[in-house]
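Before any comments, here is the structure.
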Amino acid sequence: MIQVERRAGFLLATWVCAAALAVAVYPCTGQTDTHKKKVAPPHEPTSAELFAYVHGVLLAYSAEDGANDNLEISIDPTATILTIKQPDGHCDIYLSALDANTIVWDVYDASDSMQTRPPLARLTVDAMAGKKARTCYDTENNVDPSIPSTRARILFSWAMIPDGSGFQAKFTKALKKLIKLSGGMTDKDIFK
């Protein structure tokens, strides 16, 4: 008789737990679209916010070798020309002419025959067909014809970029969005 009472007790406990779960779960399944919480779409940064980020990291992670330093960063009122001033002049990068699909990173040895310099992280992006990616000027504001205009290059101090920060991915994403907002060729996944 004790076994029968024990089984009846377990059976009763099972039914009570099942009923409690059903009562707790039932209101969740009956929610309509008007009762569900609305999730706000993620914030899309403006060109001003993207420029503020690009400006900050170009100065924060600038080389300090006297030749490749990013001294001043500016953008024109239409947010299509990014100007980077360095010790030997400045370059105007035409964001609206860039192809976001061509962004690549490499480590660049900035040393020359006269001086050893620390390595640089170099981002290169090509222009769309038939357009100029950049125009570079010397310190007297004359066009420097020795610098190719079919691609733009942006330099950072390799040693200043924190390990594991994901900096390259973040900067690439910000630059791609800035190119898109400026009217350049947007990023496409050609392997889909």
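Within straight-line reach of Lys132, meaning a Cα separation under 18 Å, sit the following aspartates and glutamates at least 8 residues removed in sequence or on another chain: Asp76, Asp92, Asp99, Asp144. Between Leu98 and Met128, Met185, the built amide H atoms are under 5 Å apart, and every one of these is 5 or more places off in sequence or on another chain.
Cα gyration tensor of the stretch 58-192, axes a ≥ b ≥ c as square roots of the eigenvalues: rounded (a/c below 1.5), prolate (a/b > b/c) or oblate? Note, shape of the stretch 58-192 comes out oblate.
Judged by the ratio a/c of the largest to the smallest principal axis of the C-alpha gyration tensor, the stretch 129-192 counts as oblate, that ratio being 1.5 or greater while a/b is no larger than b/c. Once C-alpha pairs closer than 8 Å and six or more residues apart are averaged by separation and normalised to the residue number of the stretch 47-182, the relative contact order reads 26 percent. Legend: residue pairs Lys38/Lys188; Lys131/Lys170; Lys131/Lys176, Cα-Cα distance threshold 21 Å; pairs beyond threshold, Lys38/Lys188; Lys131/Lys170.
FYI, it's all coordinate maths here, none of it is from the lab. If you're wondering where the values come from, they're calculated on a predicted model, not measured in any experiment.
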